[in-house]
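The values are calculated or read from the model by the stated rules, or taken from the named source; none is laboratory data. The structure displayed is predicted, hence computed values, not measured ones. Positions of Cβ are generated from backbone atoms using ideal geometry, with glycine treated the same way; all protein chains shown enter the neighbour counts. With ligands, DNA and RNA removed, areas are computed over all heavy atoms of the protein, side chains included. Shrake-Rupley method; radii C 1.70, N 1.55, O 1.52, S 1.80 Å.
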Amino acid sequence: MNKLAKTGILALLILAFTAGTGWGVKALDGRGGYSQHSYHQTVQVKQAKKELLPEIIHNPPLQIKSTDDFFIDAQINNLGNGIPIIYYRFDGDDHYYKRAMRKSPSGNFQFKILGAALTGDQLDYYMQVATGSRILATLGDEKVPISVAIVAPQGKTTLLYFAIAAVIGILAVKVVSANKRRKNAELKKEKTRSTKAVAPKPRPKRKAQLSARSR
């Protein structure tokens, strides 16, 4: 077989191997058949699902009483594997106390601060949801925390003292007014007496004198 014939046969074998479909390549599968694969087909890559981060919902009060326990209550959505954490400090503290929040019967997360611990004029706190060293959500932070005023309610003794002082003040005003009226009445009487004492005696009538002479 000459060289030209060999080249023709080789070309025919190559065409036979690559023929069949104009868009793909045939390859033997495990069952002796042919499978097709196209270089023009796009491979569908599964996109990673968007991560749902936790959401902290909390309505802080404007002020709290120093004699009552304070419950920090927050609703946390999409918690996942996160752990709710509360950071708080009292007026005058230079650091925050770190505690885990517990789930309440209502489904929210809570942390209780005893009224006996509510000293000073202000309470600062902020919340985070974390997993390990990763912070998933935060409400407030160390530099800009949530601040709540601490007020001391007026006790019954204070109100009683205020009522007594008010009654004493009213009585004092009445006594001063009564004394003033009495002094004014006495002055009027004195003026009336002095006017009667200085007034001249009336002269006898002339007709009475003439009648006495005629007798």
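Using amide H atoms built in the peptide plane, which far-off residues or other-chain residues are under 5 Å from L136 H to H?
So L136 has HN proximity to V129, A130, T131.
Which semi-axis lengths, in whole Å and largest first, follow from the square roots of five times the eigenvalues of the Cα gyration tensor of the range 83-177? All intermediate terms of the calculation are to be shown ahead of the outcome.
Values: eigenvalues 433, 43, 20 Å².
With the √(5λ) rule applied to the range 83-177, the semi-axes are 47, 15, 10 Å.
If I compute solvent accessible area with a 1.4 Å probe over the protein chains, what percent of it on the range 54-102 is carbon and sulfur? Working shown, then result.
Working: 1360 of 3100 Å².
Looking at the range 54-102 in its full context, I get 44 percent from C and S.
Could you pull out every residue, at least 5 positions away or on a different chain, whose amide H is within less than 5 Å of the one on S104? Hs are placed 1.01 Å off N in the peptide plane, and Pro or chain starts have none.
Residues meeting the criterion, in which the H sits 1.01 Å from N, are F109, Q110.
K65 versus N179, label points 7 Å from Cα toward the beta carbon: distance in nm?
In this crude label model, K65 to N179 measures out at 4.2 nm.
With each pseudo-label sitting 7 Å past Cα toward Cβ, what's the V151-I135 distance in nm, one decimal?
Computed distance between label sites V151 and I135 equals 3.2 nm.
Figure the gain on full extension for D121 and E51 (residue separation times 0.36 nm, minus the Cα-Cα span) and round it to one decimal in nm.
The D121-E51 span can extend by a further 21.1 nm.
Determine how large the accessible area of T67 is when every protein chain is in place; take a 1.4 Å probe and give Å² rounded to the nearest 10.
90
Give the calculated FRET efficiency between Q75 and Y96 to the nearest 0.05, with a Förster radius of 22 Å applied to their Cβ-Cβ distance. Please report the intermediate quantities before stating the final value.
Numbers: r = 22 Å, r/R0 = 1.01.
About 0.50, to the nearest 0.05.
Work out from phi, with θ = phi - 60° and the Karplus expression 6.51 cos²θ - 1.76 cosθ + 1.60, the ³J(HN,Hα) of each residue of the range 93-99, listed in order in whole Hz, and give x for Gly and Pro.
Couplings: 6, 9, 8, 9, 8, 10, 9 Hz.
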